[in-house]
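Colleague: Here you go, one structure.
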Amino acid sequence: MIATSEIKVSVLIDEGCTPLASGSYEWENRLENGYWTYSLDEVHTALKSCFKALKENIKATYGCDFTTTGAIGISGMMHGYMAFNAQNELLVPFRTWRNTITEPASEELSELFGFHIPQRWSIAHLWQAILNDEEHISKIRHLTTLAGYIHFLLSGKRVLGVGEASGMFPIDLSTKKFDQKMLNLLQKNIVEKNVGISLENILPDVLVAGENAGLLTEQGAKLLDKSGRLTAGALMCPPEGDAGTGMTATNSIAPKTGNVSAGTSVFAMVVLEKALTKAYSEIDLVTTPDGNLVAMVHCNNCTSDLNAWVNIFKEFADLFNMD
């Protein structure tokens, strides 16, 4: 089964953040063996195709080749489950945020932490896999998101921006790292399950916007540009999720600002002045890319349903030879 297609975009901007050129690639997530997923081959193809289209746009617009850039940032769909072994092999197919299969884990973790853990968060997927007694668990050495995976491919660094990280595991706003008390609570339960993993070892390092997240490596440059003309050394910023990208693009990262995003899912983001007094099952607490607390209200379906209806009307029109 194929779901709504999504557009992946590469954009070149100048120092004033003015877009200069872009490239895109359309892909579709698939329902396979009960999970919404993308293959790693598709991820690699999308990454290379986006960059190739960007180079072609630069050549057509400015008459020059694209061989170097000052900095690179990666944004991707948030949450989900990408678990790798010590050889950097994906242990189970990428489980995206669209999978609503982690209700028992979500409820247990929310009660354990006194903090709402949505089903789509990475930690809910991990705990659900542990509850399911899935055989791959003991082999996990790295857990990340799509943006974190692509960042690793390009830089060799296992890091996440704090906004993206806040969709993996709760953040301590005082340290802008994963909440240590909650890590300790869950690690105690993991030890009792005897699955042989350490949360602190498998989770990525958390960085805030502006911190150095590594450099584009020679291997990363060759992955992006098979012609070999792209040079290594570009500064990499912490990888973020699509929600953080939306907040930044709409200048909604300061307290008392907010934005609404409508895509495959739909959600509202409001940057808070202070913490909520208690946990609410309707409100997800995440952060801005610089670590401010955000109240997020999220619904899984938006344009997927809209696109399905539009396609029905298109089929009707096609039957009558109408455009």
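The values are calculated or read from the model by the stated rules, or taken from the named source; none is laboratory data. For clarity, every value in this text was computed on a predicted model and none was experimentally measured. Counting neighbours? That spans all protein chains shown, and the Cβs are built from the backbone with ideal geometry, glycine included. For the accessible areas, the whole protein counts, side chains as well, though only heavy atoms, and no ligand, DNA or RNA atoms are used. Shrake-Rupley method; radii C 1.70, N 1.55, O 1.52, S 1.80 Å.
Colleague: For segment 262-278, give me the residue count where each residue is more than 17 Å from residue 120 (Cα to Cα) and either out of contact with any Ser or Thr (no Cβ under 7 Å at 6 or more places or on another chain) or open to solvent by 60 Å² or more (accessible area, probe 1.4 Å) (or both). Spell out how you get there, then give the answer.
Modeller: Taking segment 262-278 first, the residues more than 17 Å from residue 120 (Cα to Cα) are 262, 270-278.
When the remaining residues are screened for being either out of contact with any Ser or Thr (no Cβ under 7 Å at 6 or more places or on another chain) or open to solvent by 60 Å² or more (accessible area, probe 1.4 Å) (or both), the result is 262, 270, 272-278.
Result for segment 262-278: 9.
Colleague: Now a separate question. State which residue is surrounded by the fewest Cβ atoms within 10 Å (Cβ to Cβ) when the search covers only segment 279-323 and only residues that are hydrophobic (A, V, I, L, M, F, W, C) and assigned to a strand (DSSP E or B). Outline the logic, then answer.
Modeller: Going through segment 279-323, the residues hydrophobic (A, V, I, L, M, F, W, C) turn out to be 279, 283, 285-286, 293-297, 299, 302, 306, 308-310, 312-313, 316-317, 319-320, 322.
Checking which are assigned to a strand (DSSP E or B) leaves us with 285-286, 293-297, 299.
Working: 285: 21, 286: 28, 293: 19, 294: 26, 295: 18, 296: 19, 297: 14, 299: 9.
This residue is 299.
Colleague: Still on this model: I'd like the residue in segment 63-79 that is more than 15 Å from residue 244 (Cβ to Cβ) and in contact (Cβ under 8 Å) with a residue 40 or more places away in the chain and, out of all such residues, is surrounded by the most Cβ atoms within 10 Å (Cβ to Cβ).
Modeller: Out of the qualifying residues, it is 72.
Colleague: Next up: Within segment 137-192, count every residue that is of a type in the set (A, V, I, L, M) and in a strand (DSSP E or B).
Modeller: Kept after step one, since they are of a type in the set (A, V, I, L, M), are these residues of segment 137-192: 137, 140, 143, 146-147, 150, 153-154, 159-160, 162, 165, 168, 171, 173, 182-183, 185-186, 190-191.
In the following step, the residues that additionally are in a strand (DSSP E or B) were identified as 143, 159-160, 171.
Matching residues across segment 137-192 total 4.
Colleague: Same structure, new question: Going by what's in this entry, would residue 248 be described as open to solvent by 80 Å² or more (accessible area, probe 1.4 Å) and among the hydroxyl-bearing types (Ser, Thr, Tyr)? Step through it out loud before you land on a result.
Modeller: Numbers: open to solvent by 80 Å² or more (accessible area, probe 1.4 Å): yes; among the hydroxyl-bearing types (Ser, Thr, Tyr): yes.
Against the criterion (open to solvent by 80 Å² or more (accessible area, probe 1.4 Å) and among the hydroxyl-bearing types (Ser, Thr, Tyr)), residue 248 qualifies.
Colleague: Conditions: (1) within 26 Å of residue 218 (Cα to Cα); (2) surrounded by fewer than 19 Cβ atoms within 10 Å (Cβ to Cβ). Residue 148 meets all but one. Number of the miss?
Modeller: (2)
Colleague: Show the residue pairs meeting these rules: Cβ distance below 7 Å; 6+ apart or different chains; first residue within segment 96-117 and under 14 Å from residue 278 (Cα atoms); second residue of a type in the set (S, T, N, Q).
Modeller: 116/110; 116/281; 117/106; 117/110
Colleague: Go through (1) out of contact with any helix residue (DSSP H, G or I) (no Cβ under 8 Å at 6 or more places or on another chain); (2) open to solvent by 50 Å² or more (accessible area, probe 1.4 Å); (3) among the small types (Gly, Ala, Ser) one by one and return the number of the condition residue 196 breaks.
Modeller: Condition (1) is where residue 196 drops out.
Colleague: Mind checking which pairs have a first residue in segment 176-205 that is under 19 Å from residue 287 (Cβ atoms) and a second that is open to solvent by less than 30 Å² (accessible area, probe 1.4 Å) and among the small types (Gly, Ala, Ser), Cβ under 6 Å, 6 or more apart or different chains?
Modeller: 176/291; 204/148
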